[in-house]
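Here the structure is laid out as structure tokens; the discussion comes afterwards.
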């Protein structure tokens, strides 16, 4: 059943590991830029994870027993977890930024959510 897909999954695994390696090295060389804030750290982790998802799916699909449903559940759950974490971190950062901006400006302009009223 998967004989015709073997070349595809092999190519996806090769491209994923190459892109992951390049991004990993780039993040190590410029670690001072992305470790300065929580949102940049989450963005770097999300980028690495999103390159790992097709690699893991391809490697599991290339296993002799072809457990592709397991690959779908693992990578899908992992991808959703990363998306949730990125959204949570982004919203927390934007709330903190808005709250700080409202405390520095006039309180009549800010909504009650950010002023603590």
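The values are calculated or read from the model by the stated rules, or taken from the named source; none is laboratory data. Because the structure is a prediction, the values reported are computed rather than measured. When we count neighbours, we look across all protein chains shown, and the Cβ atoms used for this are built from the backbone with ideal geometry, even at glycine.
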(message) One residue is enough: does the range 69-76 have a residue meeting the conditions at pLDDT below 80 and surrounded by fewer than 11 Cβ atoms within 10 Å (Cβ to Cβ)?
(response) yes
(request) Could you run through the range 57-70 and say how many residues are farther than 14 Å from residue 19 by Cβ, part of a helix (DSSP H, G or I) and in contact with a helix residue (DSSP H, G or I) (Cβ under 7 Å, 6 or more places away or on another chain)? (result) 6
(request) Hey, can you tell me all the residues within the range 7-40 that are surrounded by 14 or more Cβ atoms within 10 Å (Cβ to Cβ) and at pLDDT below 80? (result) 34, 39, 40
